[in-house]
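What follows draws every value from the coordinates through simple rules; no lab data is involved. Bear in mind that the values here come from a model prediction, so they are computed numbers and not experimental data. Every residue, glycine among them, receives a Cβ derived from its backbone with ideal geometry; neighbour counts consider all protein chains shown.
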Amino acid sequence: MTEDRGRAVVLNLTRFGDILQTQPVVAGLIGQGLSVSMVCQENFQTAAGLLDGVDEILPLPGAGLLADLDRSWPEAMNRLRRWVHQALIPDTPDLVLNLTPGPSSGLLARLLQGRKCLGFALDEDGFSAPSSHWAAYLQAASVNRAASPMNIVDVFCRMAEIQTPPPFRLRRPDSGAVAQAEDLLVSGCGASFQGYIGFQLGASDDDRRWPVEFFARLGELVLDRLNWCPVLLGTSNESALGSRYRSMSSAPCIDLIGRTKAEELAAVLAVLRFLITNDTGTMHLAAGLGVPLAGIFLSTAQPWDTGPWLEGSLCLEPDLACHPCSFGRICQHNLACRRAVSPETVLSCIESRERAGEKGLSFSGARVWESVRDSKGFMDLKSLSGHDAELRTRWMKIQRHWYRQLLDNAGFQTFPGDWGRVDDLTSFRQELESVSGLLAVFREQMALVAKIGRPAFRDKAMATWNRLQAMLSEGQCFPILGRMWQSEANVLAGDHLVLSSKVREWEAFVQAWANDLR
């Protein structure tokens with residue numbers, strides 16, 4: 001770490017895949033002349049080690065802190081104080097960037113005393129104080145993932161004030177590691193195959209996992225059609241899935257489940273011709289290494305926000321009206337989404353990449369997307385299965401256009417694309433107009449409270465506030481907008497002048513959006 005470089009400390013206390021998706025932020029900060037220290041949970045420091053350009057990894061001893069809390073909270077505070085002191089060596093950071101929503105990470109960001117703090121923070125009274133609209137957006141989207149129209153990598157970059165994200169390029173495995181991976185695959189299945197295809201069988205939740213028997217059938221299909229040997233990937237906790245796969249498939253395979261650490265997994269991925277995966281950290285590792293892939297998004301998973309940040313990647317969803325489902329809800333359809341995407345459809349996706357111009361490809365039962373860039377450089381999805389004209393697709397693109405203008409504070413321009421059927425959007429427009437009307441009423445009531453100050457006027461303003469919050473948070477169209485409004489308005493509640501200005505800003509935004517839907 002040279003003396004003339006500033007120092008950035010990046011906090012990402014989430015899981016394997018989310019840490020990997022920090023790579024464009026790391027590269028962007030390095031491009032600004034900063035060295036980068038990465039704070040992660042102790043058990044995910046191997047993931048941080050895959051990031052290219054990180055000067056220092058600062059693993060947070062979360063398990064130790066929790067154990068100390070069980071014994072004595074002063075011991076936990078002393079451990080945290082020692083950790084912070086070590087993190088501040090050799091100097092106070094020029095920038096602290098906290099990408100993890102929540103009060104505990106916000107407190108940690110505050111303790112690190114950065115000269116500048118971006119992302120999630122706490123104010124001097126301990127209340128949440130996002131540094132920007134983009135941070136408030138991510139906080140709201142984290143509990144409304146099904147409604148989120150922007151890839152999390154793009155959001156991370158905007159939170160870091162990186163306007164043009166660098167490519168997603170993780171640290172490449174060295175040539176020796178790749179050679180060892182090649183030898184491992186050849187020794188495991190022979191050298192008579194045209195290539196190897198990875199199968200990531202597991203997922204963070206069983207509801208989000210494509211059935212093992214479908215993977216087994218796909219293994220037989222790719223062997224027959226492409227002469228590729230399947231390579232089973234996963235952690236030791238998923239070894240039973242590998243056993244089930246082998247009992248169901250007549251095709252040879254190489255079972256590496258539980259046999260690869262993070263760096264070894266990266267080397268194996270670098271050898272593959274293709275990867276089929278659930279929405280997992282392995283998917284993001286492959287994307288960061290430029291490996292062709294198809295991700296399968298089931299249950300609550302959807303590719304608009306957590307899809308691979310690699311152009312040309314494929315994403316498959318079940319073509320069902322109920323998908324994606326909301327977190328915390330019990331499925332009323334017997335998990336039909338898990339079986340909607342057939343092995344034959346996934347094979348068609350592979351062949352669409354391997355055999356350009358292949359005739360007779362079928363994507364039955366699935367929405368198939370290709371990752372592409374939109375006109376602003378954000379990751380977008382292009383339908384390969386004829387779903388571009390569907391209402392949900394159009395609505396996702398419309399939301400991204402309008403949210404981006406609000407979050408960038410860039411003025412309001414009409415949506416440049418094709419609305420399609422305008423009458424499909426009537427309910428969205430009506431809800432926006434209702435919100436705009438309530439904002440206008442609330443603004444006028446606040447003016448009366450400031451001028452006259454009678455309790456009756458204050459009570460009426462609070463009643464309007466509650467109606468507005470309920471309309472936004474409980475409606476089907478704008479749950480993210482509702483949480484953003486609640487976050488920003490709560491922060492400004494003590495300053496009538498600033499809050500009034502914010503209400504005018506929101507009123508203009510909502511009305512402009514409604515007018516655009518006419």
What nm value, rounded to one decimal, do you get for the distance between Arg392 and Ile452 when each label is placed 7 Å out toward the C-beta?
-> 4.9
Could you pull out every residue, at least 5 positions away or on a different chain, whose amide H is within less than 5 Å of the one on Gly195? Hs are placed 1.01 Å off N in the peptide plane, and Pro or chain starts have none.
-> Cys229
How many percent of DSSP beta bridges within the chain run antiparallel, rounded to 5?
-> 20
Return the FRET efficiency for the residue pair Ser250, Asp52: r is the Cβ-Cβ distance, R0 is 45 Å, and the value is rounded to the nearest 0.05.
-> 0.65
Assertion target for Phe327, Phe120, Phe428, ordered by fewest C-beta neighbours within 10 angstrom first, is Phe327, Phe428, Phe120
Ranked highest first by the average count of other Cβ atoms within 10 Å around their residues, in what order do 226-234, 78-86, 60-68, 255-263 fall?
-> 226-234, 255-263, 60-68, 78-86
Val153, Val186, Val212 arranged by Cβ crowding within 10 Å, fewest neighbours leading | Val186, Val212, Val153
Taking amide H positions as placed in the peptide plane 1.01 Å from N, state which residues far from Lys116 in sequence (5 or more) or on other chains have amide H under 5 Å from it.
-> Leu95, Val96
Taking square-rooted eigenvalues a ≥ b ≥ c of the alpha carbon gyration tensor, is segment 1-160 rounded, prolate or oblate, where a/c under 1.5 means rounded and, failing that, a/b exceeding b/c means prolate?
-> rounded
Unit charges on C-beta of K, R, D, E only; dipole of the chain, Debye | 760
List the relative contact order of segment 387-518 as a percent without decimals, with contacts defined as Cα pairs under 8 Å and 6+ residues apart.
-> 34
Could you tell me the distance between the Cα centroids of segment 243-286 and segment 119-152, to the nearest Å?
-> 34
Highest-first arrangement of 450-460, 29-39, where packing means the average Cβ count within 10 Å = 29-39, 450-460
Residues Ser187, Ser501, Ser313 arranged by fewest to most Cβ contacts within 10 Å | Ser187, Ser501, Ser313
Once you sort the root eigenvalues of the Cα gyration tensor of the chain as a ≥ b ≥ c, which label holds: rounded (a/c under 1.5), prolate (a/b larger than b/c) or oblate (the other case)?
-> oblate
Given segment 175-387, what percent of its DSSP beta bridges are antiparallel, to the nearest 5?
-> 35
Please compute the net charge surrounding Gly106, taking Lys and Arg as +1 and Asp and Glu as -1 over other residues with Cβ under 15 Å from its Cβ.
-> -2
Taking H placed 1.01 Å from N in the peptide plane, check which residues at least 5 places from Asp255 or on another chain put their amide H under 5 Å from its amide H.
-> Leu232
Taking a ≥ b ≥ c as the square roots of the Cα gyration tensor eigenvalues, with a/c under 1.5 meaning rounded and otherwise prolate when a/b beats b/c or oblate if not, segment 220-352 comes out rounded
Hits for the chain under the membrane-span-like helix rule (DSSP H, Cα axial span at least 24 Å, Kyte-Doolittle mean at least 0.0) are 426-451
Of the options Gly49, Asn334, Val26, report the single residue whose Cα projects farthest towards the positive end of the charge dipole of the chain (beta-carbon charges: Lys, Arg +1; Asp, Glu -1).
-> Asn334
Find, among the GluC sites (Glu not before Pro) in segment 1-107, those assigned to loop by DSSP (not H, G, I, E, B) with at most 10 other beta-carbon atoms within 10 angstrom.
-> Glu3
Over segment 86-208, what is the relative contact order in whole percent, taking alpha-carbon pairs under 8 Å and six or more residues apart?
-> 15
Scan segment 92-124 for trypsin sites (Lys or Arg not before Pro) in coil per DSSP, keeping those whose Cβ has at most 16 other Cβ atoms within 10 Å, and list them by number.
-> Arg115
If you average the sequence gap of Cα pairs under 8 Å that are 6 or more apart and divide by the length of the chain, what percent do you get for the contact order?
-> 12
